[in-house]
Amino acid sequence: MPKRLSQEQVDHYHENGFVAPLKVLSSEEVTRLRAELERHEAEAGKPMDFPEKSKSYLLYRWADEIVHHPAVLDTVEDIIGPDILVYHQTIWIKEPGTPSYVLWHQDGKYFFLEPHLHITAWVALSDASAESGCIHVLPGSHKWGDFEHEDDTGDSNMIKRGQGIPKLFDDQTGVPMELQPGEMSLHHTDLIHCSRGNGGGDRRIGVGTSYIPASVNQIGAPKRTALTVRGQARTGVFGEEKRLVHEMSKEAKAAHARSVSLFRQLQDSGSFLDEAS
């Protein structure tokens, strides 16, 4: 029996590649977690950006709390089983009235993992409506196979490398996964999805965490790192990450820098970023 999802929701995920909305945070948790995120931005004097927006759970307590939240993990376990690792995390912030976008893409193209069992848990810390630029998905597209992706250098593209599926799906295609603050969506690593600009009056803040079952293997080198958050990991498959102890400490910053660097080395290989670095 599933811990948190209904059997109908589990079946919907496997058939369509996603399930939403799923309530995981209370209104009090949302208010506190967003305030902590924005406090760090105020201290830094700028909005959250690379590299801090990647693998943020290695730097910040609020991000660590989300990846370990029992409601999130129980829901993820219903899909991928009890041995769960965090492979990556991205903080997705769209300022109000901005054209920031993410092209149609498949997450599996970025992660170099086999088999394709990775699941993204996307938690909303603000309204994520169609107007504010929520994720749009193509139901069932996780069964369509791997698509070729091309680099896109657009200034408003939120993905660092900018990869996307060219010229196959227009901006009016897809089903919006609208979320209220405290709600979460789950989507499969091969599901084709995108998001558009924020035409609303508030920031659209989402925390996208990439969870994988311990049965998944890496492709290519170098060996990337992952954090075991439930159950057990297999020895030697991933470099081991340690759970955050002291927020933004020297040790935390060093561990974060190392893990992000290892993740990006393979992801950026052969891209336009190589020429710019």
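The values are calculated or read from the model by the stated rules, or taken from the named source; none is laboratory data. On a predicted model such as this, the values are computed, not experimentally measured, just so you know. Cβ placement follows ideal geometry from the backbone for every residue including glycine, while neighbour counts extend to all protein chains displayed. What goes into the accessible areas is simple: the full protein's heavy atoms, side chains included, and nothing from ligands, DNA or RNA. Shrake-Rupley method; radii C 1.70, N 1.55, O 1.52, S 1.80 Å.
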Selection from 47, 81, 33 lying farthest towards where the dipole of region 31-90 points positive, charges on Cβ:
47
Please report the carbon-and-sulfur percent of the accessible area for region 1-59; probe 1.4 Å, protein heavy atoms only, DNA, RNA and ligands left out.
53
Solvent-accessible area per residue for the chain at a 1.4 Å probe radius, Å²?
44
Extension length gain for residue 265 and residue 95 (0.36 nm per residue less Cα distance), in nm, is 58.3 nm
Taking trypsin sites (Lys or Arg not before Pro) as exposed when DSSP calls them loop (any state but H, G, I, E, B) and at most 13 other Cβ atoms lie within 10 Å, what is the longest stretch of the chain free of them, the sites themselves excluded?
4-166
Of the accessible area of region 183-277, with the probe set at 1.4 angstrom, what percent is carbon plus sulfur?
51
Surrounding charge for residue 21, neighbours by C-beta under 14 angstrom, Lys/Arg +1, Asp/Glu -1, total -1
For region 44-60 and region 66-120, what is the separation of their C-alpha centers, rounded to whole Å?
16
For every other residue with a beta carbon closer than 11 angstrom to the beta carbon of residue 47, add +1 if it is Lys or Arg and -1 if Asp or Glu, then tell me the sum.
-1
Using Cα pairs under 8 angstrom and six or more residues apart, how large is the relative contact order of the chain, in percent?
30
Is the chain rounded, prolate or oblate when judged by the Cα gyration tensor, a ≥ b ≥ c being the square roots of its eigenvalues, rounded requiring a/c under 1.5 and prolate requiring a/b larger than b/c?
rounded
Using 0.36 nm times the number of residues separating residue 44 and residue 247, minus their current alpha carbon distance, what extension gain do you get?
71.7 nm
Candidate lysines for bridging to residue 3, where Cα separation is under 24 Å - those fewer than 8 sequence places away on the same chain excluded
23
